[in-house]
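The values are calculated or read from the model by the stated rules, or taken from the named source; none is laboratory data. Owing to the predicted nature of the structure, the values given are computational and were not obtained by experimental measurement. As a convention, Cβ positions derive from the backbone with ideal geometry for all residues, glycine included, and neighbour counts pool all protein chains shown.
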Protein chains: 2
Amino acid sequence: MKALVYEGVQSLIYRDVADPDTHEGEAKVRIHAAGICGSDMHAYLGHDARRPAPLVFGHEAAGVIEGGPMDGTRVTINPLVPCNTCPACTGGRQNLCPERQIISLPPRAGAFADYVVMPVDNLIPVPDDMSLVKASLAEPLAVSWHAARLALEALHPSMERRAVVLGGGTIGLAASLALRAMGCEDITLIEPHPVRQSFLADVCGETVLPAADRSAPLFIDAVGIAQTRATASALTDPGGIIAHIGLGQDAGGLDIRRMTLQEISFIGTYTYTPTDFRETVKAMASGQLGSLDWIETRPLADGATAFEDVLAGRVAPPKIVLEPAL
Amino acid sequence: MKALVYEGVQSLIYRDVADPDTHEGEAKVRIHAAGICGSDMHAYLGHDARRPAPLVFGHEAAGVIEGGPMDGTRVTINPLVPCNTCPACTGGRQNLCPERQIISLPPRAGAFADYVVMPVDNLIPVPDDMSLVKASLAEPLAVSWHAARLALEALHPSMERRAVVLGGGTIGLAASLALRAMGCEDITLIEPHPVRQSFLADVCGETVLPAADRSAPLFIDAVGIAQTRATASALTDPGGIIAHIGLGQDAGGLDIRRMTLQEISFIGTYTYTPTDFRETVKAMASGQLGSLDWIETRPLADGATAFEDVLAGRVAPPKIVLEPAL
């Protein structure tokens, strides 16, 4: 099959690779759409020691099952494979499973390829009227759905459901959509990049500002650098919540003194549970997460250029989805 | 009346000051016992801009009401005076009231004095068989009771009720006592100071280690410096909780990357609600918080020496309580 292979720092080549083998309990999915994630960019720049070259990236994917009892089923892929037996898994927090695997991290190849093999439990059917390109958004939407759920569960019942989301990439936009679906009415998205800003306001209908100028009971940090954490810890209302998704910088930024004196909680959030993922697909199907019209598609064969364009900030839509040749 | 007056950095003088005036809704309390808190030490060293000299410190106090309808009632003092009308107060989080006052911070004088005047709501009667010296522990015990309550409420139900408490001062010891009263059975206290260590183990019956060598679902940081936060964020189990009480250093130490990938929550905690305070007094009275035999008493007149001894690390018990001459 063809795949977009990471061959070293900032080097991606579209070439032939071996077809994946299918084992008991797994199904083979013909990939129709696979989105580029910030973590793919991170690895592309050589900043992720867990992802040595050569490797196929891509973990936001949708396609059609080929073969077996579910042959022909249109599915979106939950890329996280937990052990299902440890205390985290049996406690319903499979995202914290110490044995968790994810496609695009060895030993599992990623979805920038013609095929991916997955446990059947990880394949979530999508309605006929949902395009597979939109269906490939389930993964990043589930990340933000999960963060929004944890944040709102932690928010004290006496506080207003009002939020500021830092970062207008896919995860930030998805956090805003998830919060709205969960009943938040007043959400401000902070995005300094002017091209991205107009897109979010004009195409997505979001309230967007270039910099945070207001306090709120809830901040979601979808960037995760010292500067965004400094902003969040300065502006979160006393007794409020910072939900932290971004992995931009490993440390720094939090005003711990203020967080202690004002009882602000910082919640680390990572991926999603299988329930979050299915709830997200349900919300997508019912239109609760909006039209999802903020995708630019490109052929998988042109993936290398897509990565270059994202890196250079030449892309206005929050998401580029790559399409293998069918 | 006599009071121990802070006259400037590391200078305390026991001298005459004016008696306080009593207003509507307030009562005058003859102080029998007032503990020295870490925050008093902080101000004594000139590190608290909110507490300029001359000022009377002390906010952990118990005594007997003089005059009015409650004349003769033995009480412990909740030193935090909220507005009772803002959203934080009406939402049951009076500790987050933006108008909150506390004795020993202007405009309210502290309790290292013969008398303090307080709103009657802040005076909690104590049983006849509880000494007023022990009753003066209610304030620091309530701080830790509050932190333990928030931490256990936030801890996922699938996780073990097992904790490590960093710091074996009053707040750390009180956190261990509160956690045990709330059903935690396995608690390890971390205290590097050898004299304090033996006291905690031999007199208080705590499990004490000089340095944290184990992970746990729950860490309570009763020190609040970069080093203790680094320890907590490295050793808290995935999906676990760090409850942060200490105010040692304003920033630094947290491994945000690990906290994000492993979904660890950091909860800032500050003082207590009126309900926490009353629950704490109830737990003290019923013996749930142990014998409270870890106090050294000294005459208020010798307060300056007590501060010097605490600063020099010459005090083994976690708490020194000063007693005005009666």
*B:LEU254 within 7 Å of chain A (Cβ to nearest Cβ) and surrounded by 22 or more Cβ atoms within 10 Å (Cβ to Cβ)*: yes
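Results for (1) touching an Asp or Glu at 6+ places or on another chain (Cβ under 9 Å); (2) surrounded by fewer than 22 Cβ atoms within 10 Å (Cβ to Cβ); (3) within 22 Å of B:LEU247 (Cα to Cα), shown as yes or no for each residue.
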site	(1), (2), (3)
A:GLN249	no, yes, no
A:THR280	yes, no, no
A:ALA285	yes, yes, no
A:GLY290	no, yes, no
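Rundown of residues vs (1) of a type outside the set (Asp, Glu); (2) touching a Gly at 6+ places or on another chain (Cβ under 9 Å); (3) within 14 Å of chain B (Cβ to nearest Cβ), yes/no style:
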| site | (1), (2), (3) |
| --- | --- |
| A:HIS193 | yes, yes, no |
| A:PHE199 | yes, yes, no |
| A:VAL203 | yes, no, no |
| A:PRO210 | yes, no, no |
| A:VAL223 | yes, yes, yes |
| A:THR228 | yes, yes, yes |
| A:ILE242 | yes, no, yes |
| A:GLY248 | yes, yes, yes |
*Could we say that B:ASP213 is surrounded by fewer than 23 Cβ atoms within 10 Å (Cβ to Cβ), modelled with pLDDT under 95 and closer than 30 Å to A:ARG50 by Cα here?*
yes
*Can you pull out the residues in the range A:100-113 that are surrounded by fewer than 22 Cβ atoms within 10 Å (Cβ to Cβ) and touching a residue at least 40 places away in the same chain (Cβ under 8 Å)?*
A:ILE102, A:LEU105, A:PRO106
*Does the range A:247-260 hold any residues that are touching a residue at least 24 places away in the same chain (Cβ under 8 Å) and either over 10 Å from B:ARG257 (Cβ atoms) or polar (S, T, N, Q) (or both), and which are they?*
A:GLN249, A:GLY252, A:GLY253, A:LEU254, A:ASP255, A:ARG258, A:MET259
*Given the residues A:SER233, A:SER265, which is the only one that is of a type outside the set (Phe, Trp, Tyr), in contact with a Phe, Trp or Tyr (Cβ under 7 Å, 6 or more places away or on another chain) and within 14 Å of chain B (Cβ to nearest Cβ)?*
A:SER265
*Being farther than 25 Å from B:MET41 by Cα and more than 14 Å from every other protein chain (Cβ to nearest Cβ) narrows it down to one of B:GLY290, B:GLY303, B:GLY313, so name that one.*
B:GLY290
*If you go through the range A:149-163 one residue at a time, do you hit one that is more than 24 Å from B:ARG93 (Cβ to Cβ) and buried (at least 24 other Cβ atoms within 10 Å of the Cβ)?*
no
*Which residue, of B:THR297, B:THR275, B:THR305, B:THR260, is surrounded by fewer than 18 Cβ atoms within 10 Å (Cβ to Cβ), over 19 Å from the mean Cα position of the chain (by Cα) and at pLDDT 95 or above?*
B:THR305
*Within the range A:111-161, can you find the residues that are touching a Pro at 6+ places or on another chain (Cβ under 9 Å) and within 30 Å of B:CYS86 (Cα to Cα)?*
A:LEU155, A:HIS156, A:SER158, A:MET159, A:GLU160, A:ARG161
*asked:* Can you list residue pairs whose Cβ atoms sit under 6 Å apart, with the first residue in the range B:161-182 being on the phi > 0 side of the Ramachandran plot and the second being of a type in the set (Val, Ile, Thr) and crowded, with 24+ Cβ neighbours inside 10 Å? Count only pairs 6 or more apart in sequence or on different chains.
replied: B:GLY167/B:VAL223
*Among what's in the range B:1-29 and is outside any strand (DSSP E or B) and among the hydrophobic types (A, V, I, L, M, F, W, C), pick the residue that is surrounded by the most Cβ atoms within 10 Å (Cβ to Cβ).*
B:VAL17
